[in-house]
Amino acid sequence: MDNITHSLAGMLVAEAACQWRGESRQRVRATAYLVSALANNLPDLDIVYSWAMGPQPLGNLLHHRGHTHTLLLALPGAWFLASLFWQWLSKREAGLGMPQKQLIFGVSLLGVLMHLLMDFGNNYGVHPFWPLSARWFYGDSIFIIEPTWWAIAIPLVAAWLERRWLKVVLWSLLVAVLLVCWFVPFVLPASRFALLALTAVSFAVVRAGSQRQRLAYAFGGCLAVAALFASSSALARAELRRATISAFPALDVHDVALTPMPANPTCWEGLVAGEQVRRAPRIFSGNHGDLA
């Protein structure tokens, strides 16, 4: 997923954790927000070196979602990140104890796991269990930038933030993505109006909903979007495989890669990988026309 979506997911988790813990101190909450957002982006540190890896010019594509997208490195990285911020926070905020430490370390560790899970949803995939297993896992169910998640999350996260400039940045990003969706041809008019309606619903929840209702809407809405695209992906995969076998009966289908259009679970791009199977020749014997 894109880094804005990862950051939004981290901030939603931080708000939920702070509410669950009953944490009201602004510095602790801000630190939890920052740690969670950074941890949700931590595995993408491979962009620091992947551009220089060979073979060129495809080294970046080959090594992105590589070592840092594994549990072997992601979990220790999250622990190190939380340790740095806990040391900084404990020197500036009095009266901190184990509940606050668990909050900071919890959102950090959960953040890298969420990053791997969200990246799994794309057709690019992840291989989190390296070096025990080099197998890649592909969700093939969500576009790399899914604007419906932005329309759900940004109005709520912006309402929770204290810094005005952060609110402006988030709303500017949402307006920008809505404008882009309005003018690019691969986003259908129905999807454009649906995004506007979803943004309006999110804004209404911010204005009228309680804190718990806002969180329930945010997580429920995001999970519903993921479930909708995942179920549509399964249907699209079955249909593409059926159509491929029908059109190319001699093709042995090895894999099907799928990606949806943004905000549109009914339209998919697919790539079929297979091998042409040589048919055994027909052998005739006996009377003319008898097939042996």
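Every number here is computed from the coordinates shown, using simple stated rules; none is lab data. Computed from a prediction, not measured in an experiment: that's the story for all the values here. Cβ placement follows ideal geometry from the backbone for every residue including glycine, while neighbour counts extend to all protein chains displayed.
Some observations on this one:
- Simple rule: put +1 on each Lys or Arg Cβ and -1 on each Asp or Glu Cβ in the chain, find the dipole, and look at 277, 76, 165; the Cα lying farthest toward the positive end is 165.
- Projected label distance in nm at residue 228 and residue 94, using a 7 Å step from Cα toward the beta-carbon: 5.1 nm
- Computed from label points 7 Å out along Cα-Cβ, the spacing between residue 161 and residue 257 is 3.4 nm.
- R0 of 35 Å, Cβ-Cβ distance residue 168-residue 83: FRET efficiency to nearest 0.05: 0.60
- Amide H contacts of residue 251 (H built 1.01 Å from N, under 5 Å, at least 5 apart or other chain): 277
- 0 to 90° range, to nearest 10: angle between helix 147-160 axis and the chain longest Cα axis: 10 degrees
- Model label points for residue 102 and residue 208, set 7 angstrom from Cα along the Cα-to-Cβ axis, are 3.7 nm apart.
- The calculated P(r) of region 141-292, using every Cα pair and 10 Å bins from 0, goes 10, 28, 24, 15, 9, 6, 4, 3, 1 in percent.
- Debye-sum result for region 1-139 in log10 I(q)/I(0), which assumes one identical scatterer on each alpha carbon, at q = 0.11, 0.21 Å⁻¹: -0.43, -1.17
- Gain on full stretching of the segment that runs from residue 135 to residue 193 - 0.36 nm per residue minus C-alpha separation: 16.9 nm
- Relative contact order computed over the chain (Cα-Cα under 8 Å; 6+ residues apart), in percent: 16 percent
- For region 86-217, a Kirkwood radius taken over Cα pairs fed into Stokes-Einstein (10 °C, viscosity 1.306 mPa s) yields D = 89 µm²/s.
- Rounded to 10°, Cα long-axis angle of helix 71-92 versus longest principal axis of the chain: 10 degrees
- Mean separation of Cα contacts under 8 Å (6+ apart) over length of region 1-139, as relative contact order %: 29 percent
- With respect to the chain, whose longest principal axis is taken over its alpha-carbon atoms, helix 3-21 is tilted by about 50°.
- Centre-to-centre separation between the Cα atoms of region 172-221 and those of region 241-267: 30 Å.
- Over the chain: helical MRE at 222 nm, DSSP H runs n ≥ 4 each giving -39500 (n - 2.57), nearest 500: -20500 deg cm²/dmol
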